[in-house]
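Notes follow once the structure below has been shown.
The values are calculated or read from the model by the stated rules, or taken from the named source; none is laboratory data. On a predicted model such as this, the values are computed, not experimentally measured, just so you know. Please note: Cβ atoms are built from the backbone with ideal geometry, for glycine as well, and neighbour counts cover all protein chains shown.
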Amino acid sequence: MLTPEENALLTQVGKGTPCGELLRRYWMPVCPAAELTQAAPKKRVRLMGEDLVLFRDGGGRLGLLPEHCPHRHASLYHGFVEADGLRCAYHGWKFDVGGQCIEQPFEAAEGGLKTDACRRAYPVRLEAGLIFAYLGPLPAPILPRWEFMERTDGRRAITVLPLHRCNWLQAQENSVDPTHTYYLHAHTLMLLGRDRGAQDYFHRPIEKLDFELCHEPAWTGIRKSRAYGGDRPERELGHPAVFPNILINPQAGELVIHWRVPVDDRQTRIFWLRFQPSADGAIVEQAEADIPVTYIPHPKKGDGDYDVSDFPAQDLMAWETQGPVFDRTTELLGVSDRGIVMWRKLMLEQIAEVQAGRDPAGVIRDKHLDRPIELALSKGSARRAMATEEA
């Protein structure tokens, strides 16, 4: 159970808030690159309470600027994308992808007005079909390169989940809640008569839970695992929730990375990047433009109920019905919630690091770590990792 002050500390994401300043130290995906086309080269983006406009200029360069023009605050989203920038539709002031004001029609060339009009442009990167943005202090850290964002022995696909009408932490805390799978997922599917494979896997007695706090050179997080009993006993290798807002999950022969991106205090956007290794390890040619994107509709029905016939809808129902910002002052935690307690402690520690002027955990600045990040997500990869450590 948290105090009201602690709950606010961990859930408020606006600029200048402690958690907002923590989250701004990390790269966040904002949309699939496929959403910017020649016909539609600009997009409104709301990220951690900031209203922004993302665009690709006529030269193919990406820019991310505050949405409102500094002149009379008209929306730049309604502006004109040109070869070298974005021109405001109100009076024609133009900005390049670096935030420089490069034209001010009807204004004198001398004087400092053009300099005063320059905007803070946020760094953007295209990786694995997703556009990432960094909203924190410069210089920007290295964008983490998860191995399945770069591997060539398989195919990638992107899934965009519906806008979640709840705070980001409700989704992220679920990543260190390993017991919800029994009832929320397996039992629900059993009653609906759906997805026998998921039923068989998750509808087993959980005899032991493990939570490991991991501090690796390129990431920090909590790896959770379950030991199942019954007639099909099994001990999972486990998979990590990566600080601050990622879950990496192996499922059905593929690897999936989930980003829980705060839109503002009461809304969250979730992106999945899926990687399906080729059966024989063969190299697969897949250009960025060929990565397919799937959009999942919101499962809330017209009568206000939820269609809970699959995992994403079941999770969304649980998170949204906790309220837009879950009031943790009234919760009753049990022993199975140890991972959640560990996650909150980690967040408080890293907020303190930022307030002390230091980089939080998982921020990469060492150029030697600018390489694919491997994770032991299968028994084979675990054996390889152990062999490497022993050597």
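Within the stretch 239-282, the set of residues being closer than 28 Å to E216 by Cβ, part of a loop (DSSP other than H, G, I, E, B) and in contact (Cβ under 8 Å) with a residue 40 or more places away in the chain comprises F243, P244, N245, A252, S278, G281. Of the residues F202, F148, the single one that is out of contact with any Ser or Thr (no Cβ under 8 Å at 6 or more places or on another chain) and either among the hydrophobic types (A, V, I, L, M, F, W, C) or loosely packed, with under 14 Cβ neighbours inside 10 Å (or both) is F148. The single condition from (1) crowded, with 19+ Cβ neighbours inside 10 Å; (2) assigned to a helix (DSSP H, G or I) that A289 fails is (1).
Look at the stretch 211-223: where a residue is closer than 15 Å to P178 by Cβ and not assigned by TED's automatic domain parsing to the domain that holds R344, no partner that is surrounded by fewer than 15 Cβ atoms within 10 Å (Cβ to Cβ) and of a type in the set (K, R) sits 6+ places away or on another chain with Cβ atoms under 8 Å. Of the listed requirements (1) buried (at least 19 other Cβ atoms within 10 Å of the Cβ); (2) out of contact with any Ser or Thr (no Cβ under 7 Å at 6 or more places or on another chain), R61 misses just one: (1). Of all residues being in a loop (DSSP other than H, G, I, E, B) and out of contact with any Leu (no Cβ under 9 Å at 6 or more places or on another chain) in the stretch 27-40, which is nearest to T159 (Cα to Cα)? Just the residue, please. That would be T37.
Here the condition is being without any contact (Cβ under 8 Å) to a residue 40 or more places away in the chain, outside the structural domain of I340 (by TED's automatic domain parsing) and assigned to a loop (DSSP other than H, G, I, E, B); of G14, G59, it holds for G59 alone.
Please work out which one of (1) surrounded by 22 or more Cβ atoms within 10 Å (Cβ to Cβ); (2) touching a strand residue (DSSP E or B) at 6+ places or on another chain (Cβ under 9 Å) is the condition P162 fails and give its number. So P162 meets the others, but not (1). For the stretch 80-97, the criterion of being small (G, A, S), touching a Cys at 6+ places or on another chain (Cβ under 8 Å), in contact (Cβ under 8 Å) with a residue 12 or more places away in the chain and farther than 16 Å from V45 by Cα is satisfied by no residue at all.
Evaluate the following for A227: is it assigned to a strand (DSSP E or B) and touching a strand residue (DSSP E or B) at 6+ places or on another chain (Cβ under 6 Å)? When the stated conditions are applied, A227 passes them. Screening A198 on (1) more than 30 Å from K15 (Cα to Cα); (2) touching a His at 6+ places or on another chain (Cβ under 8 Å); (3) at pLDDT 95 or above; (4) aliphatic (A, V, I, L, M) shows it passes everything except condition (3). Is the stretch 335-355 home to any residue that is part of a loop (DSSP other than H, G, I, E, B), at pLDDT 95 or above and of a type outside the set (S, T, N, Q)? No, the stretch 335-355 has no match at all. Quick one: is A218 closer than 15 Å to D315 by Cβ, buried (at least 17 other Cβ atoms within 10 Å of the Cβ) and of a type outside the set (D, E)? So A218 does not fit the description; no. Considering (1) under 30 Å from P205 (Cα atoms); (2) more than 16 Å from the chain's Cα centre (by Cα); (3) of a type outside the set (A, V, I, L, M), the lone condition that P139 does not fulfil carries the number (1).
Scan the stretch 296-311 for residues that are touching a Phe, Trp or Tyr at 6+ places or on another chain (Cβ under 8 Å) and outside any loop (DSSP other than H, G, I, E, B) and the total you get is 1.
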